[in-house]
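So the structure is just underneath, and the comments pick up after that.
The values are calculated or read from the model by the stated rules, or taken from the named source; none is laboratory data. From a predicted model like this one, the values you see are computed outputs, not experimental measurements. No Cβ is skipped: glycine too gets one built from the backbone with ideal geometry, and neighbour counts run over all protein chains shown. Each accessible area value is taken on the protein alone, full model and side chains, heavy atoms only, with ligands, DNA and RNA left out. Shrake-Rupley method; radii C 1.70, N 1.55, O 1.52, S 1.80 Å.
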Amino acid sequence: RMGEGFTWETQDRQRDIAAAREAWEAAKELIVSGEHHLVLCDELNIVLRYDYLPVEEVVEFLKTEKPENVHVVITGRNAKDELIEVADLVTEMEQVKHPFRSGVKPQSGIEY
């Protein structure tokens, strides 16, 4: 688990970019380590949507460095077309109910 929560709360784009970079570097290490068969990059699509990381960098890594026996799950809304193109599986989910909409504050380990 990495990150600092919702980026719209920090109002510090450079800090958000640095946190995204740190999380991506850690994820890459986990992906190539040989210790994991599945790595979850929760909300990476949001990072890419707001250009905190270049989508080309993520796509290139997944195409050239991800071991074949490692599954990488990337979540978040509005996946970029470049990422969808290289994905093996793309699922679109629809929110029916979320505690955030009822005033429940984001929870560490759940929303971030």
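Using only the alpha-carbon atoms, how far is helix 13-32 inclined from the longest principal axis of the chain? Give it as 0 to 90 degrees, nearest 10.
Around 40 degrees separate the two axes.
What trypsin sites (Lys or Arg not before Pro) does the stretch 52-110 have in DSSP loop regions with at most 11 other beta carbons within 10 Å?
In loop regions of the stretch 52-110 (DSSP not H, G, I, E or B), the sparsely surrounded trypsin sites (Lys or Arg not before Pro) are 77, 97.
Calculate the FRET efficiency for residue 26 and residue 97 from the Cβ-Cβ distance with a Förster distance of 35 Å, rounded to the nearest 0.05.
Efficiency at R0 = 35 Å is approximately 0.65.
Where only protein heavy atoms count, and the probe is 1.4 Å, what is the accessible area per residue for the chain in Å²?
75
Give the relative contact order (percent, whole number) for the chain; include only Cα pairs under 8 Å separated by 6+ residues.
31
So I have (i) 27, 15, 12; (ii) 24, 14, 12; (iii) 24, 17, 14, and one of them is semi-axes √(5λ) of the Cα gyration tensor in Å calculated from this model. Which one is it?
Of the listed options (i) 27, 15, 12; (ii) 24, 14, 12; (iii) 24, 17, 14, (iii) comes from this structure.
Carbon-plus-sulfur fraction of the accessible area of the chain, 1.4 Å probe, in percent? Write down the numbers at each step before the final one.
On the way: 4130 of 8410 Å².
Looking at the chain in its full context, I get 49 percent from C and S.
May I ask you to list the chymotrypsin sites (Phe, Trp or Tyr not before Pro) in the stretch 15-100 that are in a DSSP loop and have at most 15 other Cβ atoms within 10 Å of their Cβ?
Filter output for the stretch 15-100: 50.
Counting Lys and Arg as +1 and Asp and Glu as -1, what is the net charge of the other residues whose Cβ lies under 15 Å from the Cβ of residue 69?
For residues surrounding residue 69, the net value is -3.
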